[in-house]
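Written out below as structure tokens is the structure these notes cover.
The values are calculated or read from the model by the stated rules, or taken from the named source; none is laboratory data. Everything quoted here is computed from the prediction, not taken from an experiment. We place every Cβ from the backbone using ideal geometry, glycine too, and count neighbours over all the protein chains shown. Side chains included, ligands, DNA and RNA excluded: accessible areas come from the protein's heavy atoms. Shrake-Rupley method; radii C 1.70, N 1.55, O 1.52, S 1.80 Å.
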Amino acid sequence: MKKLKKSTSQIRIQKEKSAFLEQLKRTPIIQVVCEKINIGRATFYRWKSDDSIFSQAVEDAFLEGHLLVNDLAESQLIGAVKDRNLSAITYWLKHHHKDYKNRIEIEGNLNTIQELSAEQKELVQKALRLASLDFNQHEK
């Protein structure tokens, strides 16, 4: 009788894990998914640490959920651009058009008569290094 109960318990857990994965694909937030299928976060993390197949399936479902949310957000952004929302238009252009990307411009006058001190040279070199950073890498 005890063996039958364990097998019923395992079936219930497998159903809960499947439900968790399906929900995670639609809502990639662990706490929300736990609440929806009525399990504790500790239970989820125990399942994840004890079952490597489930753990990998969680990672895959989480990625799928993030991609879905990204698609939804981009769709809303495009809708806002179509509705002539200036903030949305600005955001889109800054992130998708080279002419509107953020830039660093340095202006000033150099006095070539006076030699720069070591501290000033170091400051100029640091400013030039910062100016040459590829900010596109940091936006992703």
- Task: Please verify whether the stretch 78-87 includes one or more residues that are of a type in the set (Asp, Glu) and part of a helix (DSSP H, G or I).
- Result: no
Residue 83 meets each of (1) open to solvent by 100 Å² or more (accessible area, probe 1.4 Å); (2) modelled with pLDDT under 85; (3) out of contact with any helix residue (DSSP H, G or I) (no Cβ under 6 Å at 6 or more places or on another chain) with one exception, condition (2)
query = What about residue 106, is it outside any helix (DSSP H, G or I) and not small (Gly, Ala, Ser)?
reply = yes
Residue pairs within 9 Å by beta carbon, gap of at least six or interchain, first lying in the stretch 36-57 and surrounded by 15 or more Cβ atoms within 10 Å (Cβ to Cβ), second not in a helix (DSSP H, G or I), listed first then second, are 36/27; 47/39; 57/51
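For residue 23, indicate whether it is among the polar types (S, T, N, Q), modelled with pLDDT of 95 or more, farther than 30 Å from residue 100 by Cα and open to solvent by 70 Å² or more (accessible area, probe 1.4 Å).
On the way: among the polar types (S, T, N, Q): yes; modelled with pLDDT of 95 or more: yes; farther than 30 Å from residue 100 by Cα: yes; open to solvent by 70 Å² or more (accessible area, probe 1.4 Å): no.
So residue 23 fails the test.
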Picking from 130, 93, the residue that is assigned to a helix (DSSP H, G or I), at pLDDT below 85 and surrounded by 10 or more Cβ atoms within 10 Å (Cβ to Cβ) would be 130
